[in-house]
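Single-structure report; data block below.
Coordinate-derived values only; no laboratory data. Note that this is a predicted model, so its numbers are computed, not measured. All Cβ positions, even for glycine, are placed from backbone atoms using ideal geometry, and neighbour counts span all protein chains on display.
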Amino acid sequence: MTTRFTKDHEYIRMEGEIGVVGISTYAQEQLGDIVFVELPSVGQTFAKGDEAAVVESVKAASEIYAPVSGTVTEVNEALAGEPGLVNTAPGAEGWMFKIRPSDPSELEGLMDEAAYGALIG
Amino acid sequence: MSMNKEGRPTAAGAVTAIRTAALLPDEPLLFEIGDREHSGVDLPEVEIGEDRLGGFGRRTSLDLAGLTEPEAMRHYVRLSRLNMSIDAGMYPLGSCTMKHNPRLNERMARLPGFADVHPLQPVSTVQGALAVMQQLSDWLMTLTNTAAVALSPKAGAHGELLGMMAIKAAQEARGEGHRRVVLVPESAHGTNPATAAFLGYSVRSIDARADGTVDVEAVKAALGPDVAGIMLTNPNTCGLFEPQVIEIADAVHAAGGFFYCDGANFNAIMGVVRPGDLGIDAMHINLHKTFSTPHGGGGPGAGPVVLSEALAPFAPLPFLRRNGDGLELVEHVEGEALGRITAFHGQMGMYVRALTYMLSHGGDGLAQAAKDAVLNANYIKARLEGTFSAPFGGQPCMHEVLFDDSFLEGTGVTTLDFAKALIDEGFHPMTMYFPLVVHGAMLIEPTESESLQTLDRFCDVMLELASAARAGDAERFTAAPHAAPRRRLDETRAARQPVLKWEEAEGRAEAAE
């Protein structure tokens, strides 16, 4: 199981052929309490870097970009009723959507945990 | 409560517990004051035989709180006393230009010829009102050096929408409707990308330079045959004048795009810089900011849009035209691009107030106001920057000064806590967490309205708060506000579980707590 990060603080955790996408612990701390998450639809396709979701916190609204190109296979419906899961468990129950990468080599261009840790200091 | 036809109470109403803290009452909701068994005026019982409503008579209760006139009036007056307003104290909310609303404006707006005018009156009876609109238009076009103005937009964001609609219409008329991208720098107002997205454009963001301004090279790199234009806020939300704005305008025009300028910060340059000289194609002007008409509850906003020669043919209806000795409103044109964007002609009361402000200042006075606004912001910057952290350091600011939260590092106090503590000192907080280009932003705009004494008191308070935070008195901040009618509100719960409608059981239960 590998988790990769973008410079925009999304993570993608590969579980077999499917990547689970959410935002990092650091990102949710910076955003503050999340009050709303707008998710993509299952079946939507994105190019890497496309706007795939929106999170709204008490401070700001921010776009969530697709970390890799691919097709959405599932979205986390639980966030509609409980957006705070992104704060309490960003890497677990607070995931946002699952994507089937169309070009798995794009994953290589993302940061591993150590590189991401260095980015956020 | 029952009352007679003159509106005086005739019986005791429902007893409601009102906790009174000195002169600041804890005000219950209207429904908790009145009851549904009575109405404001009790009419005598009348005998009606057969009604003639043809079955359309009301069958259910109106579900309104029954209040007497004095009860209703006191409710709103008490609520108004819980509010912080520019009339009560300094309101340094960045990018909002909370300047004093001169009383002379109000006096003029209440002249019956303006206050009682109706949009459907015959044009021959409203020549004075049309002359006000014409004169206001002339001032706005002169101050901006532009070819046309649409007065009718009812807010800044509405004006933005109109300006971008005009750009879209102009490009479609040229057969260039395929341009689907709008460039928006990070330091733009938040409404800019929203406006572009609302019109179906996709937004391409331009990063800010390390000094907080927009790099013309970054704009050039983002331009292309798919770009409809740029939406630039100048001065920007970092409180900085864009030094390369003319080069940016030239580059955008050379690539076939248009330049929308967000004029929300026009107060910094009014009478000093004409945006038309910078190459703008459209810009809204918030009369409720720059031209001292009230924000929000004191009256509606107004966001006239000035347009360049290229966009003038795409102005919305209606527009004013000379007709002999008088003026007429042109309300129909064959093949016009946009039609109307409001039902009538915009906010007449705001036109009167804004023109009053212009005429009472004169051109030189407006320039002086802009310079004083910039001077005041730089005074605050100079007094605070040794203690507060100015992310774009050395350069002077325009009408507002931006600090980040690095001076709070390690104190356990956040920008939000700091702002709440400012309430306890009698000041409305500054704009927080905006712009997003700096961490924990505090954006302070004093406007020209504040005296040196008020600026000094504000700076003294800011410095004292900063030293309290650094001395470890975090409790003063994290539990603030202590002295406001309401303590720290649970913004998260309010956003996640908004209660938008009063429900009897819940309302009564909470009132009894």
Exercise. Enumerate the amide H contacts of B:A148 below 5 Å, restricted to partners 5 or more residues apart or on another chain; note that Pro and chain-start residues carry no placed amide H.
Key: B:L307
Exercise. Set the Förster distance to 45 Å, then compute FRET efficiency between B:R457 and A:A80 from the Cβ-Cβ distance, nearest 0.05.
Key: 0.40
Exercise. Convert each backbone phi in segment A:35-52 into a coupling constant with the Karplus relation 6.51 cos²θ - 1.76 cosθ + 1.60 (shift: θ = phi - 60°), then list the ³J(HN,Hα) values in order as whole Hz, x for Gly and Pro.
Key: 10, 7, 10, 9, 9, x, 9, 5, x, 5, 10, 10, 8, 3, x, 5, 6, 10
Quiz prompt | Selected from A:Y26, A:Y11, A:Y65 as most flexible by GNM, with chain A as the system and alpha-carbon contacts under 10 Å | solution = A:Y26
Practice problem: Give, as a single signed number, the net charge of other residues whose beta carbon lies under 13 Å from the beta carbon of B:P193, with Lys and Arg counted +1 and Asp and Glu -1. | Solution: -4
Self-check item: Amide H partners (placed H, <5 Å) of A:I64, local residues excluded
Solution: A:A52, A:A53, A:V54, A:V55
Exercise. Count the net charge of all other residues whose Cβ sits under 12 Å from the Cβ of B:N101, scoring Lys and Arg as +1 and Asp and Glu as -1.
Key: +3
Practice problem: Run through all the Cα pairs of chain A and give the fraction in each 5 Å bin from 0, expressed as whole percent. | Solution: 2, 13, 25, 26, 20, 11, 3, 0
Exercise. Principal axes first, then extents: for the Cα atoms of segment B:58-197, list largest minus smallest coordinate on each axis, whole Å, largest first.
Key: 62, 49, 43
Exercise. Calculate the spin-label point distance for B:V46 paired with A:T73, positioning each point 7 Å from the Cα along the beta-carbon direction, and give it in nanometres.
Key: 7.3
Quiz item: Within 10 Å of each Cβ of A:29-41, how many other protein chain Cβ atoms are there on average?
Solution: 2
Quiz item: From the backbone phi of segment B:51-64, what are the Karplus-calculated ³J(HN,Hα) couplings (6.51 cos²θ - 1.76 cosθ + 1.60, θ = phi - 60°) in whole Hz, Gly and Pro given as x?
Solution: 7, 10, 8, x, x, 9, x, 5, 10, 10, 5, 6, 6, 10
Quiz item: So, in Å, what gap is there between the alpha-carbon centers of segment A:1-39 and segment B:157-175?
Solution: 37
Quiz item: Magnitude of the Cβ-charge dipole of the protein assembly as shown, K/R +1 and D/E -1, about the Cα centre, nearest 20 debye?
Solution: 1360
Exercise. Return the long-range amide H neighbours of B:R340 (sequence gap of 5 or more, or a different chain), with a cut-off of under 5 Å between placed amide H atoms.
Key: B:L317
Practice problem: Quick one: grab the alpha carbon gyration tensor of chain B, order the square roots of its eigenvalues as a ≥ b ≥ c, and give me rounded if a/c is under 1.5, else prolate or oblate depending on whether a/b is larger than b/c. | Solution: oblate
Quiz item: Residue by residue, what Karplus-based ³J(HN,Hα) values in Hz, rounded to whole numbers, does segment B:33-48 have, using 6.51, -1.76 and 1.60 with θ = phi - 60° and x for Gly and Pro?
Solution: 8, x, 9, 8, 7, 10, 10, x, 10, 8, 8, x, 4, 10, 8, 10
Self-check item: Three principal axis lengths of segment B:374-494 [C-alpha, angstrom, descending]
Solution: 38, 30, 28
Self-check item: Charge dipole (the protein assembly as shown, unit charges on Cβ, about Cα centre) - positive-most of B:F434, B:P153, B:W139
Solution: B:W139
Exercise. Excluding residues fewer than 8 places away in the same chain, name every one of the lysines whose C-alpha is closer than 30 Å to that of B:K289.
Key: A:K59, B:K99, B:K154, B:K168, B:K371, B:K381, B:K420
Quiz item: Which whole-number percent is the relative contact order of chain B (Cα, under 8 Å, 6+ apart)?
Solution: 17
Quiz item: Hey, got the Cα dimensions of the protein assembly as shown along the principal axes, in Å, largest first?
Solution: 84, 68, 63
Quiz item: Which whole-number percent gives the relative contact order of segment A:29-121, counting Cα pairs below 8 Å spaced six or more residues apart?
Solution: 26
Quiz item: What net charge do the residues around B:S202 carry, taking every other residue with its C-beta under 15 Å from that of B:S202, with Lys and Arg at +1 and Asp and Glu at -1?
Solution: 0
Quiz prompt | Leading residue at positive end of dipole, chain B (Cβ point charges), from B:L287, B:F259, B:I423 | solution = B:L287
